[in-house]
Amino acid sequence: MSFKVQFSHIAEIIMGQSPKGEEVNNEGIGLPLLNGPTEFTDRYPLPVQHTAFEKKTSLPGDILFCVRGSTTGKMNYSDQKYCIGRGLAAIRGRNGYPTPYVKAVLEACLPELLAAATGSTFPNVSRDLISNISVDVLSVDDAYRISKFIESQEGKVFNNNRINQTLEQMAQALFKSWFVDFEPVKAKIAVLEAGGSLEDATLAAMTVISGKDADSLAIFEREYPEKYAELKATAELFPTAMQESELGEIPVSWTLSEIGKEINIAGGATPSTKTPEFWDNGNINWTTPKDLSDLKDRILLHTERKITKLGLGKISSGLLPINTVLMSSRAPVGYLAIAKIPVAINQGYIAMKCDKDLSPEFVLQWCSINMPEIVSRASGTTFAEISKKNFKPIPLVKPPENLVKDYTKQVSTIYSLIENNARENNNLSQLRDTLLPKLLSGEITLPEAEEIAKEADYV
């Protein structure tokens with residue numbers, strides 16, 4: 001059974017204090033310094049500055065809580081000792097209450113806390129305000145058991161995110177090697193210029209593509225002959241010479257094109273919010289760039305808002321198919337994702353339907369690599385925006401279709417894994433949002449919550 005206490009009964013609160021400018025350095029001297037949410041990630045911060053000033057610090061396991069500005073209430077965990085500036089507070093459990101449980105209680109009372117915050121433009125919360133807010137808590141023993149459940153769920157999400165970051169880096173590295181740096185082509189050229197044979201050149205390309213040296217490739221051939229044959233076939237797709245182009249040297253037989261000629265581009269709209277028939281009880285996914293702003297993976301699986309069939313009729317691009325590549329075109333330019341659901345879009349997107357030679361995975365990575373060029377073509381007095389007119393002419397080095405297919409085949413496995421992990425994280429988050437309030441209030445017991453999670457296959 002829950003009972004009411006002041007938040008300070010279950011938590012120790014340390015308000016941050018910023019060091020003087022001359023006490024801050026970028027040379028790694030002293031403690032890492034955290035100034036606010038700009039250094040936050042999905043779990044642990046990434047500091048960029050240090051200081052010898054150690055008056056206010058967090059300890060490993062503490063909650064890092066934003067107390068000033070528009071990001072008040074945003075949280076991370078402290079994975080080491082940090083100096084914390086005045087935009088942050090460090091919060092840790094006390095009187096036997098574990099910190100993950102304290103964080104869950106803090107999340108539950110956050111709307112009330114923000115409503116009581118001071119500030120004419122942005123909320124600010126004081127130590128007294130946090131300390132004195134009334135919260136419902138369970139016994140220490142129950143809190144400890146719930147904390148273990150929370151840690152298990154959050155740990156799965158964190159591990160999935162780390163795996164997905166690695167997978168995305170792999171897809172990016174492969175794209176850059178093949179289609180930006182032309183490493184397999186250059187490896188072939190180097191061998192041929194040194195007097196090697198065509199077979200030697202192919203072997204050099206295989207080394208670049210696989211990351212295996214010649215001895216490892218020989219073992220690979222013996223143990224996995226079919227995969228070795230596939231690797232060799234891929235290497236043979238790369239030419240053995242370069243040619244001049246308007247963009248500099250590119251591989252022979254590759255062509256210069258424009259992104260607008262290789263994909264079908266669509267824009268969106270917002271049905272009138274004053275017409276309830278466009279929104280009420282809608283079940284059609286409708287997205288704004290806000291849906292992409294917090295994506296940990298470049299995979300769109302759900303949207304915050306839905307529209308009706310009548311609302312969809314007000315958007316000329318209609319319902320876009322699965323595997324449409326989405327890029328925010330303003331405020332800011334450059335959020336990217338592959339839609340894994342049919343979706344309608346608002347006017348803040350450039351949507352790319354990849355129904356020609358280029359795959360969604362190729363286009364996603366092309367946009368990512370070429371984002372500086374895309375942003376440079378944006379214009380606007382209030383905020384930068386890239387129009388379809390300015391986006392379409394951006395030059396693109398187009399490889400042969402069979403090489404695009406080969407790249408897509410390799411990274412499709414990667415993106416399938418990313419999508420599966422992202423779906424699991426969505427399910428875990430929904431399960432947490434459903435179960436945690438009931439656990440905190442005592443409405444259900446931990447064994448009941450664990451049984452529900454087990455049935456959902458998330459224990």
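The values are calculated or read from the model by the stated rules, or taken from the named source; none is laboratory data. All values reported here derive from a predicted model rather than from experimental measurement. Cβ sites come from the backbone with ideal geometry, for glycine too, and all protein chains shown count toward neighbours.
Residues checked against (1) touching a Leu at 6+ places or on another chain (Cβ under 9 Å); (2) exposed (fewer than 14 other Cβ atoms within 10 Å of the Cβ); (3) in a helix (DSSP H, G or I):
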| residue | (1), (2), (3) |
| --- | --- |
| Leu364 | yes, no, yes |
| Phe383 | no, yes, no |
| Lys389 | no, yes, yes |
| Asn402 | yes, yes, yes |
| Gln410 | yes, no, yes |
| Thr413 | no, yes, yes |
| Asn421 | yes, no, yes |
| Asn425 | no, no, yes |
| Arg432 | no, no, yes |
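In this structure, does Phe65 turn out to be part of a strand (DSSP E or B) and not assigned by TED's automatic domain parsing to the domain that holds Asp297?
So Phe65 passes the test.
Is it true that Ser429 is in contact with a helix residue (DSSP H, G or I) (Cβ under 8 Å, 6 or more places away or on another chain), closer than 30 Å to Tyr101 by Cβ and among the hydroxyl-bearing types (Ser, Thr, Tyr)? Quick ask: steps written out before the conclusion?
Numbers: in contact with a helix residue (DSSP H, G or I) (Cβ under 8 Å, 6 or more places away or on another chain): yes; closer than 30 Å to Tyr101 by Cβ: yes; among the hydroxyl-bearing types (Ser, Thr, Tyr): yes.
So Ser429 fits the description; yes.
Which one of these does Thr118 not meet: (1) more than 26 Å from the chain's Cα centre (by Cα); (2) surrounded by 19 or more Cβ atoms within 10 Å (Cβ to Cβ)?
(2)
Let me spell it out: the conditions are (1) modelled with pLDDT under 95; (2) in contact with a Pro (Cβ under 9 Å, 6 or more places away or on another chain); (3) not acidic (Asp, Glu), and Lys81 meets all of them except one. Which number is the exception?
Only one criterion is unmet by Lys81, namely (1).
Could you grab me the full set of residues in the range 190-232 that are loosely packed, with under 14 Cβ neighbours inside 10 Å, among the aliphatic types (A, V, I, L, M), in a helix (DSSP H, G or I) and free of Cβ contacts under 8 Å to residues at least 40 places away in the same chain?
Within the range 190-232, Ala190, Ala214, Ala218, Ile219, Ala229 qualify.
Is it the case that the range 248-267 has a residue that's buried (at least 18 other Cβ atoms within 10 Å of the Cβ), farther than 23 Å from Leu326 by Cα and out of contact with any Phe, Trp or Tyr (no Cβ under 8 Å at 6 or more places or on another chain)?
yes
Anything in the range 366-381 that is of a type in the set (A, V, I, L, M), touching a residue at least 40 places away in the same chain (Cβ under 8 Å) and assigned to a helix (DSSP H, G or I)? List them, or say none.
If the condition is that a residue be of a type in the set (A, V, I, L, M), touching a residue at least 40 places away in the same chain (Cβ under 8 Å) and assigned to a helix (DSSP H, G or I), then Ile369, Ile374, Val375 are the ones that fit.
Looking at (1) more than 20 Å from Pro100 (Cβ to Cβ); (2) of a type outside the set (Val, Ile, Thr); (3) free of Cβ contacts under 8 Å to residues at least 40 places away in the same chain, which is the one condition that is false for Gly61?
Here Gly61 clears every test but (1).
Under the condition of being under 24 Å from Ala11 (Cα atoms) and among the polar types (S, T, N, Q), which residue from the range 22-69 is surrounded by the most Cβ atoms within 10 Å (Cβ to Cβ)?
Ser58
Collect the residues in the range 144-179 that are more than 16 Å from Lys103 (Cα to Cα) and hydroxyl-bearing (Ser, Thr, Tyr), keeping them in residue-number order.
Thr166, Ser177, listed by residue number.
Would it be correct to say that Val157 is hydrophobic (A, V, I, L, M, F, W, C), within 30 Å of Leu64 (Cβ to Cβ) and in a strand (DSSP E or B)?
It is false that Val157 is hydrophobic (A, V, I, L, M, F, W, C), within 30 Å of Leu64 (Cβ to Cβ) and in a strand (DSSP E or B).
So which residues in the range 48-66 are touching a Phe, Trp or Tyr at 6+ places or on another chain (Cβ under 7 Å) and under 16 Å from Val24 (Cβ atoms), if there are any at all?
Thr57
I need the helices (runs of 4 or more DSSP H) fully contained in the range 251-356, keeping only those with at least 1 residues that are free of Cβ contacts under 8 Å to residues at least 24 places away in the same chain and at positive phi.
Counting at least 1 such residues, we get no helices (runs of 4 or more DSSP H) at all.
It is to be established whether one or more residues within the range 121-133 are at pLDDT below 95 and small (Gly, Ala, Ser).
Yes, the range 121-133 contains a residue that is at pLDDT below 95 and small (Gly, Ala, Ser).
Could you please let me know if Asn323 is of a type outside the set (Asp, Glu) and either more than 23 Å from Val397 (Cβ to Cβ) or not assigned by TED's automatic domain parsing to the domain that holds Phe391 (or both)?
No: the conditions fail for Asn323.
If you go through the range 1-44 one residue at a time, how many are of a type in the set (D, E, K, R), in a helix (DSSP H, G or I) and within 18 Å of Met75 (Cα to Cα)? Step through it out loud before you land on a result.
Step one: of the range 1-44, the residues of a type in the set (D, E, K, R) are 4, 12, 20, 22-23, 27, 39, 42-43.
If we keep only those that are in a helix (DSSP H, G or I) as well, we get 22-23, 39.
With within 18 Å of Met75 (Cα to Cα) added as a condition, the list becomes 39.
Total meeting the criteria: 1.
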